[in-house]
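The values are calculated or read from the model by the stated rules, or taken from the named source; none is laboratory data. Small disclaimer: the values here were computed from a predicted structure and weren't measured. Virtual Cβ from ideal backbone geometry, glycine too; neighbours counted across all protein chains shown. The protein model used for the area step is the full one, side chains on, heavy atoms only, and it has no ligands, DNA or RNA in it. Shrake-Rupley method; radii C 1.70, N 1.55, O 1.52, S 1.80 Å.
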Amino acid sequence: MGRTVLIVDDNPRLRETLCEIFTREEDFEVCGEANNGQEAITKAHELKPDLIVTDLVMPVMNGLEETRLLKRLYPEVRVIIYTLHNNDFVAKEAMSAGASAVVSKSEPIATLLAKARSLFGQIAA
């Protein structure tokens with residue numbers, strides 16, 4: 001069984017695409033999805049994912065607030081902030097919030113998968 005992943009993004013089409021991509025990978029299993037940070041906290045409590053891939057800019061609760069709270073509640077969970085707004089400031093804020101990594105949505109999807117695997121010490125399948 002693969003590492004469980006919770007996908008969090010307010011864009012339903014992107015969420016669906018990410019779910020499909022992670023589902024196709026043998027070493028990952030999508031356990032759920034959420035529309036915003038607050039929903040992600042609830043789902044994380046229910047599902048106990050190994051990894052959370054979350055957007056930065058979302059309504060209700062953004063990715064930084066979500067990450068801060070998640071890391072307090074579940075220090076072992078790994079969080080990747082997957083965002084269009086990737087710059088040094090965002091990366092610094094994300095890391096101080098407890099994110100394991102920041103990946104730009106403009107990067108190839110293989111970059112996201114490679115980063116996810118590297119967080120668990122896995123090599124590309």
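Results, tabulated for the structure shown:
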item: Boolean, A94 is modelled with pLDDT of 95 or more, in a helix (DSSP H, G or I) and within 14 Å of the chain's Cα centre (by Cα); result: no
item: Filter pass, V57 being assigned to a loop (DSSP other than H, G, I, E, B) and either modelled with pLDDT under 95 or open to solvent by 20 Å² or more (accessible area, probe 1.4 Å) (or both); result: yes
item: Scope region 22-36; condition open to solvent by less than 20 Å² (accessible area, probe 1.4 Å) and assigned to a helix (DSSP H, G or I); matching residues; result: F22
item: Single residue of E16, E39, E46 found to be free of Cβ contacts under 8 Å to residues at least 12 places away in the same chain, open to solvent by 60 Å² or more (accessible area, probe 1.4 Å) and over 20 Å from K115 (Cβ atoms); result: E16
item: Failed condition for R68, given (1) modelled with pLDDT of 95 or more; (2) under 19 Å from T4 (Cα atoms); (3) open to solvent by 80 Å² or more (accessible area, probe 1.4 Å); result: (2)
